[in-house]
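What follows draws every value from the coordinates through simple rules; no lab data is involved. Model, not experiment: these values are computed from the prediction. Positions of Cβ are generated from backbone atoms using ideal geometry, with glycine treated the same way; all protein chains shown enter the neighbour counts.
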């Protein structure tokens, strides 16, 4: 397979260098059907994964059966990024194929043992990995900020304000059910809150996007309750 710079983990590494490292590492490509687990929370973190095709969701399932969605993985992104320190470590969360997926699995042990055959490439790979981990940490901090809001309407308002582009539009990659899991609520509760905000003229809900109609009032929902 031709691995290009579209995969941020491989930025700065030529095709020959990538192929050499993958051969050295024992990396392999695996396919998963829709709803199949790529790894579960009990599994030890033995691989770093790169999503080549499809979409993956990272979730946590509670004893009650209720599931929270942490984030989505898109094509060319990495996941399974927990460093496997200690034999008792586990993934803590589940990675589920949202659709049919193809992933590249790179053994963690390769990342911790510099290969002399591609030493410079290995250093670039580790630098890219650190940058990606930093970006993921920032994303999780932003999500924690959103979920720290009080009511569901406040959470939605803050999420839209954080995610909106310059045209005041939020493109929704998540399905409604996945969005509900992201906020930790049921789908009907989410739908009611969205319709309430739309009825009040603050937003307009379309099929795969949400338009902000009144940013000032949307900000007031959050900031008035959190003075």
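Things to note:
- Sequence of 211, 152 once ranked by neighbouring C-beta atoms within 10 Å, starting from the fewest: 211, 152
- Hull volume in cubic angstrom per residue (convex hull over the Cα atoms of the stretch 148-225): 85
- For the chain, relative contact order (Cα pairs under 8 Å, six or more residues apart, normalised by length) works out to 21 percent.
- On Cα atoms only, tilt of 152-163 relative to the major axis of the chain in degrees: 50
- At R0 = 45 Å, FRET efficiency that the Cβ-Cβ distance of residue 214 and residue 135 yields, to 0.05: 0.90
- Stretching residue 187 away from residue 151 to a fully extended chain increases their span by 11.4 nm, per 0.36 nm per residue minus the current alpha-carbon distance.
- Selected from 120, 153, 72 as most flexible by GNM, with the chain as the system and alpha-carbon contacts under 10 Å: 120
- C-alpha long axis of helix 187-199 to longest principal axis of the chain, angle in °: 50
- Cut-off 20 Å, label 7 Å out along Cα→Cβ of residue 171, residues of the stretch 188-206 by amide N: 204-206
- Gyration tensor verdict on the stretch 8-137 (Cα atoms; rounded if a/c is under 1.5, prolate if a/b is larger than b/c, oblate otherwise): prolate
- Nearest-0.05 FRET efficiency for residue 33 and residue 142, computed from C-beta distance (R0 30 Å): 0.40
- Over the residues of the chain, the helix contribution to mean residue ellipticity at 222 nm works out to -12500 deg cm²/dmol, using -39500 (n - 2.57) for each DSSP H run of at least 4.
- Pairwise centroid distance, computed over Cα atoms, of the stretch 9-48 with the stretch 120-164, Å: 22
- Listed candidates (i) -0.45, -1.21; (ii) -0.32, -1.21; (iii) -0.49, -1.47 - label of the one calculated as log10 I(q)/I(0) by the Debye sum over Cα atoms at q = 0.09, 0.17 Å⁻¹: (i)
- With Cα atoms, 0 to 90° folded angle of helix 119-147 axis to the chain main axis: 20
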